[in-house]
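Structure record follows, encoded as structure tokens.
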Amino acid sequence: MKYYTITVNGNTYEVSVEESSTSGVSYAAPAPKAPVTPAPKAPIQQSEPVAKSAPAPVASGSAGNIKVSSPMPGKIISIIANVGTTVKKGEVILILEAMKMENEIVAPEDGTVSSINVSSGQSVEAGDLLATMN
């Protein structure tokens, strides 16, 4: 038997450990499993091709020269400013949900919202154009 002194979170413990020998001990190997044969598969039927991507949303309004892009991937929760709305720098244009958090997308400078390029509920990637301003 071996004795050790162990300190855990400032408390000291004296521990004894009994040595054991595995000689003379036999371990049974697991029994082999019977091979499993997969069930026959039904033939795959050809169907009409499915569109892989939805059409891009049409921008409402004409494009402005100031672009507001998505800083991260997420989902558009709501659009606050409408086309034609005059906004000041830092004013909220729309709300983007990313990682269960609502992020306010704000105007980068004073101007008028020229176009909104997304719709509520739409998923966006980082760098996607969300809106334009003049």
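Beta carbons closer than 9 Å, at least 6 apart along the sequence or on distinct chains, pair a first residue in the range 1-18 that is part of a strand (DSSP E or B) with a second that is of a type in the set (D, E, K, R) and modelled with pLDDT of 85 or more for TYR3/GLU14; TYR4/GLU14; THR5/GLU14; ILE6/GLU14.
Residues in the range 92-112 that are surrounded by fewer than 16 Cβ atoms within 10 Å (Cβ to Cβ) and more than 16 Å from GLY127 (Cα to Cα): VAL92, MET99, LYS100, MET101, GLU102, GLU109, ASP110.
Taking first residues from the range 110-134 that are in contact (Cβ under 8 Å) with a residue 24 or more places away in the chain and on the phi > 0 side of the Ramachandran plot and partners that are assigned to a loop (DSSP other than H, G, I, E, B) and buried (at least 20 other Cβ atoms within 10 Å of the Cβ), the Cβ contacts under 7 Å between residues at least 6 apart in sequence or on separate chains come to GLY127/SER70.
The values are calculated or read from the model by the stated rules, or taken from the named source; none is laboratory data. Quantities reported herein were computed from a predicted structural model and do not represent experimental measurements. Using ideal geometry, Cβ is built from the backbone for each residue, glycine included, and neighbour counts are taken over all protein chains shown.
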